[in-house]
Each structure stands twice: as C-alpha cells, then as structure tokens.
Amino acid sequence: MELQEAINQRHSVREFQDKPVEHEIITKIVQLAQRAPSWVNSQPWQVYCAMGDSLQQIKNAYHEQDKAGNHGQPDLSVMGREEWAPQAQVNMKQWRHEIVHHFASFDEAHEKMTNASDTLYHSPVILYITIPKASPDWSVFDAGLFAENLMLAATDNGLSTIPTYNSVRFPAILHQILQVPEDERFIVGISLGYPTADSINTYQSKRRPVNEVLHFN
Ligand SMILES: Cc1cc2nc3c(=O)[nH]c(=O)nc-3n(C[C@H](O)[C@H](O)[C@H](O)COP(=O)(O)O)c2cc1C
C-alpha cells in the first residue's frame, strides 16, 4: 500500500469483529512504529499488549467503575471543552454534529456510541503506550509520533485502529492487570482489530481546509 493511501484510509473504528489478531502482525507493526523519531533518540515508549484474559479483566474492571459512576483519572489531564481555544471548540462541535447525523436518528447515534465506548469497542487487542513518569513534555510528543506510525503500519497490514482516552481512564487498573511499573504513565490505548460492517465504522471525519492551517510568509 502506498503511504498516501494508508494515511487516507486510516480512520477510527468503533466496533471490532470478535476475531483475534496474530502475535506476528502485532510484533511487525510495533517494530515498524519504533522507526519514529524521538528526542536524542530517547525512544521513551513502552507498549503493553492487552488481549484475551488480560483484556477481558480490564473490560470487566472498567465496567464496574462505570456502574459505580466513576469517571476515572487518566495520567494526562483532561480539559473541559469550554477551556479549549475557540477554533478547536468549533472543530469538536462540528465533529459531534456530523457523527450524530451519520446515523439514522439521534437515538441510534447515542445508543451505538455509548455502547461502543462502554464495551471498549469490542476490541480484541488494545496496545497501551506508556512513557516514564520522569519525562519532559517532548516525550509525549514522541509517543504521539510512535502512535501514528503504529496506526499507519496497522492500516498497511489490513487492520483497523482507534486511539482512545477512554481506554486509559483508570491507570490503577491497568498497572495492576498489565503489571506496568509504577514509574510509567499511560499516554493512550490503541485498539486494534478487524472492523464490523456496521455504520458506526463508515463515518469519515473531515479536516479544515489546508489554507486555514498552512501559513506561507
Ligand atoms: C489522543 C486521542 C484520544 C482519543 N480518544 C477517543 C475516545 O476516548 N473515544 C473515541 O470515540 N474516540 C477517541 N479518539 C478518536 C478521535 O475522535 C478521532 O481521531 C477524530 O475524531 C478524527 O477521526 P479519525 O480518527 O477517524 O480520523 C481519540 C483520538 C486521539 C488522538
């Protein structure tokens, strides 16, 4: 697959088939992702692969937290929508409006999106990316480069992905089940697998026109 095709084809999938992903493919895409650049080649990332029993335990534990009404406390703080810069708020509102109208009705949108989120998208695999707690902000940037490389490599290997905040809401649960050292923090979880044919997976998000983001001087 051409790089341009992989970039254009990658989009977030929110309902995966109940089909496992081979260890070999996971190893291959993580190895490709490792080619990402990083500050002085520090390569701050670690990847913890949750699948099978460990992922089921995470899903169960998250379900219990949700039932108890707990919202979680991710390692990277979450900012209220109204505090974001105006253009980012406009973009987020537009995305919400469009994805709701992608479905037949508001009720269907609400039901499918809530169910997707509550079940962690029926993901057969979640790759959790961590960096050491002793890191500069630059390492978060590096982890982002690594994550995008990983998602493009997955696309190139016929897999779908979604990066989520949702999957890293309860770091204490993840430390315990995945046996992640306490001196690491969770940046993002990337769900990996094969998509269902459901309409939740066919929405293609839009981007601002390039002349609104590119400034020649
Ligand atoms: C750091 C990060 C966290 C995200 N968390 C969630 C999430 O918790 N739930 C969700 O449905 N989508 C989540 N997304 C997916 C975004 O909504 C999605 O990337 C965006 O709408 C653009 O759509 P696309 O990925 O299909 O191009 C997240 C994306 C990023 C980069």
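Throughout, read-outs are computed from the coordinates displayed, never taken from laboratory work. From a predicted model like this one, the values you see are computed outputs, not experimental measurements. Cβ: placed from backbone, ideal geometry, glycine included. Neighbour counts: every protein chain shown.
Tally Lys and Arg at +1 and Asp and Glu at -1 over the other residues with C-beta under 15 Å from the C-beta of Val100: what net charge comes out?
+1
Among residues other than Asn70 whose Cβ falls under 12 Å from its Cβ, what is the net charge (Lys/Arg +1, Asp/Glu -1)?
So the environment of Asn70 carries a net charge of 0.
Can you give the calculated 222 nm mean residue ellipticity of the chain, where each DSSP H run of n ≥ 4 adds -39,500 (n - 2.57) and the sum is split over every residue, rounded to the nearest 500 deg cm²/dmol?
Helices in the chain give a 222 nm mean residue ellipticity of -13500 deg cm²/dmol.
What length, rounded to one decimal in nm, is gained on full extension from Arg81 through to Gln34, with 0.36 nm per residue of separation minus their alpha-carbon distance?
The span from Arg81 to Gln34 would gain 13.7 nm if fully extended.
Of Gln65, Asn211, Gln4, which is farthest along the charge dipole of the chain in the positive direction, counting Lys and Arg as +1 and Asp and Glu as -1 at C-beta?
Value: Asn211.
Taking the Cα-to-Cβ direction at Arg207 and at Val90 and moving 7 Å from each Cα, how far apart do the two end points lie in nm?
So the label points at Arg207 and Val90 sit 1.8 nm apart.
Work out how much length Ser117 to Ile99 would gain on full extension: take 0.36 nm times their residue separation and subtract the Cα-Cα distance, in nm to one decimal.
This chain segment gains 5.0 nm when fully extended.
Cβ under 14 Å from Asp18's Cβ, Asp18 left aside: what net charge do those residues give with Lys, Arg +1 and Asp, Glu -1?
So the environment of Asp18 carries a net charge of 0.
Run down the aspartates and glutamates and flag those whose C-alpha is under 12 Å from the C-alpha of Lys93, throwing out any fewer than 8 positions away in its chain.
Straight-distance partners of Lys93: Glu82.
Tell me, how many Å apart are the Cα centres for the range 170-207 and for the range 123-160?
Rounded to whole Å, the Cα centres lie 10 Å apart.
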